[in-house]
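So the structure is just underneath, and the comments pick up after that.
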Amino acid sequence: MRVLIAPDKFAGTLTAVEAAEAIAAGWRRHAPDDELDLAPMADGGPGFVDVLHAALGGELLAMTAEGPHGEPVPATILRVGEVAYVETAQVVGLHLITGGAEFGSTRGVGELILSAVDGGATTVVVGLGGSGTNDGGAGVLAALGATSDGVLDTGAIGLHTVTTVDLAPARARLAGVRLVAATDVDIPLTGLFGATKTFGPQKGIAEDRIAEVDGWLEAFAVATDRRTSLEKGAGAAGGIGYALLLLGATREPGIDLVTSAVSLESRARLADLVVTGEGAFDFSSRAGKVPYGVAAIASEALRPCVALAGQVLVGSREMRALGIESAYAVVDLVGEERAFAAPAEALSELAARVARTWSR
């Protein structure tokens, strides 16, 4: 049988490419005659540039940009013709944050966009996801030339000083450039379902500070464009989505962009089974994440889809609502300690077990 293997990264342990290879290695141990088609995936977060480079080719351009706390960090821009792809997690990822998201600036993301434009790109696609910042994209705007009566590039902590923002210089700097915000979530900037409330705790913002930090972003939205702050995707990457929308960006789910780039629809139609996966499979996977996107493609192709994950945190009813026939957890098979100590080996072992059930 033909199996399409299309996982996301397993955050903190395996890249999407490594996860796909581990699943394939395990599957072959049980079903060596099966034909495996590997399609590593991304949703705009970590691995976005690598996955697109593998699918589209192009030129990888190395540079250095400002990290969330002002430190220089390495980054890579993918250039395919006149289109440049930027991955925000490279310069403001969760792994770069110390002391809480309210102290991290997104200025480096603006620097990546500027570098892409200065290099001749007429379209810049910005992958949003996996960020550790929460400044509403104020640092991005500052890097692109926006001015204010307050401080834009010291993180959310500085936004309480902002009452006016002039976006005209930033918009002029990007005149003639098409911006695309490739988002992994569709949340607004502020409020009960906004960036701070939804993702602040995992970025190190203490629970008793959530309301205050969200208030800073709300004031920032009032100083810029309150209506835009309510749009889907404005809260992506701690509000970088909002900054891009202010600059005229169009929003596209990152998973849709990647599935198109890797021709996932046609590959799914050629498969008998589709296998996807991610680190933690839960109901939030529906909000623009890889497993839901892959499962939707599999459903359209009338192919069953199963998921392999580090942890499975949904029941069978929720699983089927996401379009997944069955989901299997690495930790249930080998335990949490081994799952983190030897992630590729553990995932491979799980894949071999799953192949016993699903391979002909």
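Please treat every number below as a calculation from the coordinates, not as lab data. What you see is a predicted model; the values in this text were computed from it and never measured. Don't worry about glycine lacking a Cβ; one is built from the backbone with ideal geometry, like all the others, and counts go over all protein chains shown.
For the chain, the longest principal axis of the C-alpha atoms and the axis of helix 210-224 are separated by about 60°.
Charging the Cβ of each Asp and Glu at -1 and of each Lys and Arg at +1, and nothing else, the dipole of region 147-274 about its Cα centre rounds to 360 debye. Round to the nearest 0.05 the FRET efficiency obtained for Val151 and Leu313 when R0 = 41 Å and r is the Cβ-Cβ distance. My answer for the efficiency is 0.55. Averaged over residues, the count of other Cβ atoms within 10 Å places the peptides 137-150, 68-81, 229-242 in the sequence 229-242, 137-150, 68-81, highest first.
Per residue, the chain reaches -10500 deg cm²/dmol at 222 nm when only DSSP H runs of four or more residues are counted, each adding -39500 (n - 2.57). Across region 96-101, computed HN-Hα scalar couplings (Karplus, 6.51 cos²θ - 1.76 cosθ + 1.60, θ = phi - 60°) run 9, 8, 10, x, x, 5 Hz from first to last residue, x flagging Gly and Pro. Here the chain is assigned +1 on the Cβ of each Lys and Arg and -1 on the Cβ of each Asp and Glu. Its dipole about the Cα centre then comes out at about 700 debye. Remark on Val162: its backbone amide H falls under 5 Å from those of Val151, a criterion applied only to residues 5 or more positions apart or on other chains, H modelled at 1.01 Å from N. The alpha carbon centroids of region 307-360 and region 111-171 are separated by 39 Å.
Annotation: the residues Met1, Met41, Met63, sorted from fewest to most other C-beta atoms within 10 Å of their own C-beta, follow the order Met1, Met63, Met41.
3J(HN,Hα) couplings calculated from phi for region 148-161 with the Karplus curve 6.51 cos²θ - 1.76 cosθ + 1.60 (θ = phi - 60°) are, in sequence order, 7, 7, x, 10, 9, 10, 10, x, 4, 4, x, 6, 5, 8 Hz; Gly and Pro show x.
Extension gain for the segment Ser326 to His30, taken as residue separation times 0.36 nm less the Cα-Cα distance, is 104.7 nm to one decimal. What does the net charge come to around Ala344 if you take all other residues with beta carbon closer than 9 Å to its beta carbon, with K and R at +1 and D and E at -1? Residues near Ala344 contribute -3 overall. Residue-wise HN-Hα couplings along region 344-356, as the Karplus relation 6.51 cos²θ - 1.76 cosθ + 1.60 with θ = phi - 60° gives them from phi, are 5, 5, 5, 5, 4, 5, 5, 4, 4, 5, 5, 4, 4 Hz; Gly and Pro carry x. Other residues with beta-carbon under 14 Å from the beta-carbon of Pro68 carry, at +1 per Lys or Arg and -1 per Asp or Glu, a net charge of -4.
Sorting the segments 293-299, 264-270 by their residues' average number of neighbouring beta-carbon atoms within 10 angstrom, most packed first, yields 293-299, 264-270.
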